[in-house]
Amino acid sequence: MDIAFFETWRPRALAILRIVTGFLLIPHGTAKLFGVPHQQMFDGLQLFSLMGLAGVIEVFLGALFLIGLFTRPVAFVLCGFMAAAYFMAHGSQGNVLLPMLNQGELAVLYCFVFLYFVFAGAGAWSVDALRHRTGAARFAQTSH
């Protein structure tokens, strides 16, 4: 098995996971804030409520996460957000240690995916990677 192949594609696979995760998170917020896609449970949702704040976090931080800008701090906030969402919305329904029984599996999975990105970073194809590359190039130019 050629390990070089996997090492070459590891940052790209990480980027794909980041992009898809951000893409899947954003509609949770747009459903709350803009009614798209329509979810009846969010009809009449007030922006200045806990669910309204959740929508803002999902849209704004989801977009930052998708493009890979400030990935580690954004992932840290989103990890905590998903942990809070789980314990407030799902764990409070009982069976806190069995997310399958309280429909909290997605919140738990998001939480741990975001936790991984806190330590792994954005991967390839991110604004963070571009910023790091241009910053390193500027540092190399000024150090000579």
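Values computed for the structure shown
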{"read-out": "Val36, sole failed condition from (1) of a type in the set (A, V, I, L, M); (2) part of a loop (DSSP other than H, G, I, E, B); (3) crowded, with 16+ Cβ neighbours inside 10 Å", "value": "(3)"}
{"read-out": "Hits in region 87-137 - residues which are out of contact with any Ser or Thr (no Cβ under 8 Å at 6 or more places or on another chain) and charged (D, E, K, R)", "value": "Glu105, Arg131, Arg133"}
{"read-out": "From the options Thr30, Thr8, residue that is under 23 Å from Phe81 (Cα atoms) and part of a helix (DSSP H, G or I)", "value": "Thr30"}
{"read-out": "Number of positions in region 20-45 that are touching a residue at least 24 places away in the same chain (Cβ under 8 Å) and not aliphatic (A, V, I, L, M)", "value": "7"}
{"read-out": "Qualifying residue in region 45-66 (condition: aromatic (Phe, Trp, Tyr), closer than 29 Å to Ala124 by Cβ and part of a helix (DSSP H, G or I))", "value": "yes"}
{"read-out": "Residue within region 94-107 that is within 10 Å of the chain's Cα centre (by Cα), buried (at least 20 other Cβ atoms within 10 Å of the Cβ) and more than 20 Å from Leu130 (Cα to Cα) present", "value": "no"}
{"read-out": "Residue selected from region 62-93 under the condition within 8 Å of the chain's Cα centre (by Cα) and farther than 14 Å from Asp128 by Cβ, by the criterion surrounded by the fewest Cβ atoms within 10 Å (Cβ to Cβ)", "value": "Cys79"}
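None of the figures in this text is laboratory data; all of them are computed from the coordinates on show. Keep in mind that what you see is a predicted model, and the values were worked out from it rather than measured. Positions of Cβ are backbone-derived with ideal geometry, glycine not excepted, and every protein chain shown enters the neighbour counts.
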